[in-house]
Amino acid sequence: MGRTRTTLQNMRAFKKGDPRINRKGPPTIVKDIREFIRAKLHEPASKESDRTKLEVITAKLLSMAYSGNMRAVELAMAYGYGKPTESIEIAGAGGKQLFQPLVVNFKMLPDAKRKSNKALEKEIRGLKNGKDG
């Protein structure tokens with residue numbers, strides 16, 4: 001099966017009955033692979049062992065974590081307790097705000113409806129700079 005060229009003919013909009021429409025949804029191969037791997041992990045690790053492959057893998061992961069492998073520690077903690085939430089705090093030096101929020105009280109501008117946008121912007125800039133309009 002060859003690759004489809006990106007041509008104008010292939011880039012046209014869908015129409016009723018177009019064979020390119022995937023009505024069945026995504027392929028089931030991903031679901032099948034997950035089920036296959038889960039089934040294999042629950043099989044016995046060996047004929048003489050009563051432990052499953054999953055138990056052996058988990059024991060190896062924990063052994064690696066105990067020996068100091070940080071990636072193994074991260075995996076064990078993430079699967080055992082869930083990943084910690086990450087947050088980003090944006091602040092300036094010393095935790096101060098990076099910018100001062102501009103609050104405009106339009107009651108201070110009684111004739112705001114009659115002024116043009118440029119006149120309003122000029123007056124707002126004046127208020128921001130501490131000047132009385």
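The values are calculated or read from the model by the stated rules, or taken from the named source; none is laboratory data. Bear in mind the structure is a predicted one, so any value in this text is a computation, not a measurement. So basically every Cβ, Gly included, is an ideal-geometry build from the backbone, and we count neighbours across all protein chains shown.
On the stretch given as the range 37-68, residues that are exposed (fewer than 12 other Cβ atoms within 10 Å of the Cβ), assigned to a loop (DSSP other than H, G, I, E, B) and among the small types (Gly, Ala, Ser) total 4.
Applying a threshold of 7 Å to beta carbon distances and a minimum spacing of six or more residues, or different chains, the list of pairs starting in the range 33-49 at a residue that is within 14 Å of Ala59 (Cα to Cα) and in the same structural domain as Ala59 (by TED's automatic domain parsing) and ending at one that is exposed (fewer than 10 other Cβ atoms within 10 Å of the Cβ) and at pLDDT 90 or above is empty.
Looking only at residues in the range 98-133 that are in a loop (DSSP other than H, G, I, E, B) and polar (S, T, N, Q), the one that is modelled with the lowest pLDDT is Asn105. Exactly one residue among Arg34, Arg71, Arg20 is modelled with pLDDT under 90, part of a helix (DSSP H, G or I) and within 30 Å of the chain's Cα centre (by Cα), and that residue is Arg34. Gly95 satisfies every condition listed in (1) at negative phi; (2) modelled with pLDDT of 70 or more except (1).
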